[in-house]
Each structure stands twice: as structure tokens, then as C-alpha cells.
Amino acid sequence: MGEIKILDKLDVHLNLVNMIGACTTQFDNGKLWLLLEYCPQSDMKKFLLNNREAIIKDLKPKITSGSEFERVFIKWAHGITKGMEYLFTKRIMHGDLAARNILIGTHGETENRYVAKITDFGLSRAFYDKSTYTKQDREKIPWKWMDIYFLETGTFTMSSDVWSFGIVLWELFSLGRLPYAGQHSTDTINKINSGYRLPVPVEISKVKSLVKMYKEVVNKCLLLDPKQRWTFTDLVEY
């Protein structure tokens, strides 16, 4: 019901998985119906893992032509920030931004056959008069994507999703690998507070434009102080 209420506040947007309709007439019987637009390419994480070998081959330096997926990745990063910028104008925090919650849809003909669309607003919150939100239940949170400020204080801000976007970009450029794989939460949080950040993924280490993009995003988005981070408008412009 919370997700339906959030989606009902939103206009149709290219980079969101839009709600087609919803039915709550059987709510008293425990039944809710939510109809979303269809995204045929599954979620971003699965897409990257399923096409990993082909993408790695495509990203290798070429003499005659550029890389298709270099352009696709830049378009996806731009699309995600456009969708998040729109949510920000509605004062809505996503709260669970991750590659698994980005679906790959289509729009029009072949030039838009891969479109990044943000989905899963089950943890979203609307910030109307407040600039922060303190989560009451802190169990079983996806800590690897969560704002370090939230992990330290239990408080979300409107820039919490900006931190998560930095992790999503690492997921994208690592072709679906798990961030901080095998690392314990407490030790990793201490390392992050000491300055550690996920390094440039080896998968894109030979693609200069993507390396530059990743370093810039990390330097501007994965900052301990939420007030010093880029906004999604800054990211769209970048």
C-alpha cells in the first residue's frame, strides 16, 4: 500500500517503472493489485551477469569503432540520475537504490532498446516538511548500499540516495559484482570512515571515460557529510 501511495504521486517518467493502475477494493481481504509497465530485459544486475562475457569483449579498446556498452553505461547512469532527480523534486527518497532495483526497459525503436528504469518503492518515504527521517527498525537492512551517515546515526536525509547511486555505479561498471564481497559490515564501515572507497572496477579499467566518471562520482557522492555531496541535479549535469 505504501508503494502504491508513492507511485500515485508521480507522473509518467521515462526512467521510472510507472504504475499503470492499482486496485484496493479488496484491501479488507488482504488483497492489493498493482499493475506496472513491462520491462523485458529484467533487472540491471541480472542483465549484466547474463551478458558479462559479451560486454567485456565489447569494452576492449578498438581501432575502428567505439564500444556500444560504453555508450549504454553512460546513458544508464544519466537515466538513473534523471529519474532520481525527478523523485527529488517530489521530495521522495527511494531508500533502496541498487542495481537489482533498476529494470531495463525499452522506449520506441532500436535507439532506445535499453532504458534504465527505477523500481521498487517499497522502502520509499515522502519528505514533505522534514529534511530527515529516522528509521525505527534497523534490522536486515541492505547495508552495502546504505548511506554511511544512516549507518552511523539511523537517520536518512534527502542525499542518502546519492550515496547509494555511487554504489550502483560501481555495480554497473563491475558488471554486476557484489560490492564489499566477503567483508563484514562493522569492519567495512570503519574502513569507509577512515577513507576507503570501492576502487575502480577492473572490468572498465581500460575505458578512460568510465574510469574518469567513476572517480568523479566517488569523490563527489561518497562523502561522509551529506551536505557536501553532489545533488542528483549536479549528477545529471555532469
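The values are calculated or read from the model by the stated rules, or taken from the named source; none is laboratory data. Just so it is clear, the model here is predicted, and its values are computed rather than measured. For neighbour counting, all protein chains shown are included, and Cβ atoms are generated from backbone atoms with ideal geometry for every residue, glycine included. Protein only, heavy atoms only, side chains kept; ligands, DNA and RNA dropped before computing areas. Shrake-Rupley method; radii C 1.70, N 1.55, O 1.52, S 1.80 Å.
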Please enumerate the residues belonging to the range 36-53 that are open to solvent by 70 Å² or more (accessible area, probe 1.4 Å) and modelled with pLDDT of 95 or more. Lys46, Leu49, Asn50, Glu53
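Being on the phi > 0 side of the Ramachandran plot, in contact (Cβ under 8 Å) with a residue 24 or more places away in the chain and open to solvent by less than 30 Å² (accessible area, probe 1.4 Å) narrows it down to one residue among Leu175, Leu198; which is it?
Working: Leu198 fails: on the phi > 0 side of the Ramachandran plot.
From the options Leu175, Leu198, the qualifying one is Leu175.
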Could you tell me whether any residue of the range 93-106 is open to solvent by 70 Å² or more (accessible area, probe 1.4 Å), without any contact (Cβ under 8 Å) to a residue 12 or more places away in the chain and out of contact with any Gly (no Cβ under 8 Å at 6 or more places or on another chain)? no
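Picking from His78, His13, which residue would you name as being surrounded by 13 or more Cβ atoms within 10 Å (Cβ to Cβ), in a loop (DSSP other than H, G, I, E, B) and in contact (Cβ under 8 Å) with a residue 60 or more places away in the chain?
Details: His78 fails: in a loop (DSSP other than H, G, I, E, B).
Just one listed residue meets the conditions, His13.
Just to be sure, is Lys31 among the basic types (Lys, Arg), without any contact (Cβ under 8 Å) to a residue 12 or more places away in the chain, outside any helix (DSSP H, G or I) and open to solvent by 20 Å² or more (accessible area, probe 1.4 Å)?
Numbers: among the basic types (Lys, Arg): yes; without any contact (Cβ under 8 Å) to a residue 12 or more places away in the chain: yes; outside any helix (DSSP H, G or I): yes; open to solvent by 20 Å² or more (accessible area, probe 1.4 Å): yes.
Judged against the criteria, Lys31 is a match.
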